[in-house]
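Working notes for the structure below.
The values are calculated or read from the model by the stated rules, or taken from the named source; none is laboratory data. These numbers come from a predicted model, not from an experiment. Note: ideal-geometry Cβ built from the backbone for every residue, glycine included; neighbour counts use all protein chains shown. Accessible surface areas use protein heavy atoms only, side chains included; no ligands, DNA or RNA. Shrake-Rupley method; radii C 1.70, N 1.55, O 1.52, S 1.80 Å.
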Amino acid sequence: MRMTPVVIFVSLLLLLLTWLLLSGLNLNSTRYDRELAALDHFSRLERGLNREVLTARAGLSQSYDALARMTDAYDDSLDPLREAAGSDSELDTAIDVLAAAADRQEKLIELFKSKNALLRNSFSYFGMFSARLASSDHMPVVAAATTLSAAMLHLTLDTSPAATREVQDRLEQLARLQRPPGDADSIQAAIAHGGLLHDLLPATDAVLKTLIAAASVREQAVVRSLIMERQLASRAEARQYRLLLYAASLMLLAALVYLGLQLRARAVALRRRAAFEHVIAGISTRFINSQHHEIAEHVESALEKLAGCVGADRAYFVVAGEPKLIYRWSRQDVEFPPGWPARALELAAFFEGEDGIIHVPKIRPAHPDDPIKLLVDAGLQGWLCISNPGQSRTQAILGFDALRAGAFIRWAEVSLFRMAFDAISQAVGRVFLQREKERLKAKLQQARRMETIGTFASGIAHNFNNIVGAILGYAEMADAPAKPGRQPAANLAEIRRAGERARELVDQILTFGRRGEGRRERVCIRSLVAETNKLLAASLPSDVEIRVSETSEPAVVSAEAGQLQQVILNVCNNAAQAMDGAGVIDIRIEIRELTEVLRIGRIDIGPSRYAIISISDTGRGMDEATRERIFEPFFTTRPDGNGLGLATALEIVEEHDGTVAVQSKPGVGTRFDIWLPSVPSNDPISVQRLLGATGRGAGETVLVLETELERLLRNEEILAALGYEPVGFTELAAAAEAYAVLARFDAALVSHQGGIDSALDFATALHDIAPDLPIILATPSARDLDAPRLAASGISEVVHHPLMSAELARALSRCLPASVASQV
């Protein structure tokens, strides 16, 4: 589960909740409270100013200090209100209007203070002079002063026009009186101050009324209404944010519940994964601690445990091959249908899966051509298949079948089954490795046996070579006086032909003993079979018939004719021995073109063109156990058999990049198919070697080096019979000394019998002394001699040992063309 989107969503939701919380707290309410408090303070100061003004007008205040302090406070009270208002332009405008009203109030207060001060001063003097006139001795003055004081007192209480006219009338009345000398100044002062009070009292009361009327009640109401409006709007907005906060809290709660469920599911998945990994670890440990013969049982146990983890009814592990390797498990009362699970290996190719994992929890074909229909036909309701495409040459699958709808456990961690596949695959691979180890071990033992046989064969071949040399030498000497066309001459020719075949056989045995690859040539299978048929006719029982069927196409291979002939001889001899009496051996030659890799016998071959030699018999046949072992060295079913014929045949064929397939049934017979790579049929070399014309010598001297005296004498006799003068030596030093002293030799014949290195060393030394002297090397086998080494040693010709007159004569004729005296 990907947690990143959930974490991002929760983080954004927390930020939203924080913003809604801060918005829902209505933090602006404090500002509005400060604004209202500042406005109330301003209102209280304004009322206090009016009270102080009235107090001063009533004469209760003796000074203006308190009024001055309140005026200053009144002037400064608008600053907190402006600060609390902030950037609210409408409120700032209302506060500016309120400030203008406050300025008018302050101006009226200053005007009131000046008038009220003058008024109080005039009252003082008017009272003093009125008191003097009231105590006058002149009664009209006293009466006028008294009525003036009463009218003035009434004016202080009522500054209406009527009261003002009455004061004016009383002042005029006092002014019309005859002024006594003692009261004249007082009357004059009383009239002056009375007139001043007559003017000041209405003016002061007018200022006082204006001041009271000009109070900023309306402006304060406007500011207060704006503040209350914003406060109510802020409270309403805060309520909305609180509702959003509640909704977001519910969303957060739902997200937390969902996250909790996801975490719980994740925990369950992790526990299930841990349990599954524990199962795989247990399976792997069991595989590690088991022997290879116990792995099959452990694989079936592992399939049962893995099927329980996924809820499958059947489980299997299939490895491709011939035959397929299949391990299987199924629930009780659940069977595998015919061809299953082998067919599952083929069905896996029709599906695509990530990392080779095919997971079909519910099988429902979408259309008739849907590959899932193949699973429906197999009776499956769910399928899990793990394969190894591109990982190994051997294809393998780990499969799980659900036969009931919804049987598979809903689990997304199917990729873990890749670990299970690897564990089982490696365990099964151990079985293959163990089998390969046993096969290689058996092959090593076979190689060691063959090496021992080769060593023995080389020793026997060297001794046999001497016998063959004697047979060929004396046969040639006996053939010289024999008359052509007579029976003795024919018998001697057969003896020579058999001796030549024996010499070639010695050559093969020596090559086999040295484990070297012989020189190959283009061999016609038809000619090879024809020649081999002649040998078989002479060696097989007379009641065994050989039939040869040939193809019209030329069958040519690159091979060593003698070795292939040995293969045919060995297989045919084995077929004749298997018939226990009369029967037919059928040899068929055909050409087959392979366009793809095909398993034949023990190996895969192709694509290429192959020549096939099929050898069938009508013998007793073989069972499967015997057929599996017929190519093992020393394995035989006959008391007098040595078990090397078929083993040697198979080794020769495989060295020629071919293979051998065997088909056999008890009581029916056996068929061997020998597959050999075919080559183009341009002028193939025939296996028949005809004796050409031999040239005779004219007394030329030939130096002969042979370590064994008996062979040396025989070689000298052959050279003497050919018209040459042989001079033989058995030691290298004596031959070199004789050549250095005499220097009269026309050619040299060096035998390989004493060792190839010593023979080539002598040839090299001889070539250094006489660069023009022809040197002929006689060797039982020239297969391991390379041309550059022969050329460096001065070797002109190579002949087989034991020597044959015709071959040696041709070699000497080529070396000494001017000495040829006659042709026979």
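A compact table of results
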item	result
Debye, to nearest 20: dipole size of region 126-228, +1 on Lys, Arg Cβ, -1 on Asp, Glu Cβ	280
Pairwise centroid distance, computed over Cα atoms, of region 709-724 with region 110-186, Å	197
Dipole of region 138-269 [Lys/Arg +1, Asp/Glu -1 at C-beta], most positive-end residue of 186, 214, 252	252
Paired Rg and Dmax values of region 694-733, which use every Cα atom, in angstrom	10.2, 32
For residue 704, residues with placed amide H under 5 Å, excluding near neighbours	727, 728, 729, 749
Accessible surface, 1.4 Å probe, highest first, among residues 355, 370, 772	772, 355, 370
Kirkwood-type radius of region 51-108, with distances r between different C-alpha atoms, in Å	12.9
Lys/Arg +1, Asp/Glu -1 at C-beta; region 287-376 dipole; positive extreme among 363, 323, 293	363
Accessible area (Å², 1.4 Å probe, nearest 10) - residue 351	30
All lysines inside 30 Å of residue 115 as judged from Cα atoms, apart from same-chain residues fewer than 8 positions distant	107, 209
Where N is the number of residues in region 219-364, Cα Rg divided by 2.2 N^0.38 Å	2.19
Sum of side-chain charges, residue 423 neighbourhood, beta-carbon under 12 Å (Lys, Arg +1; Asp, Glu -1)	+2
Net lengthening on full extension, residue 135/residue 725 (0.36 nm per residue, minus Cα-Cα)	191.5 nm
Reach of residue 305 by Cα under 25 Å, taken over lysines that are not fewer than 8 positions away in the same chain	324, 362
Approximate shape of region 139-227 as ellipsoid semi-axes (Cα gyration tensor, √5λ), whole Å, largest first	42, 11, 8
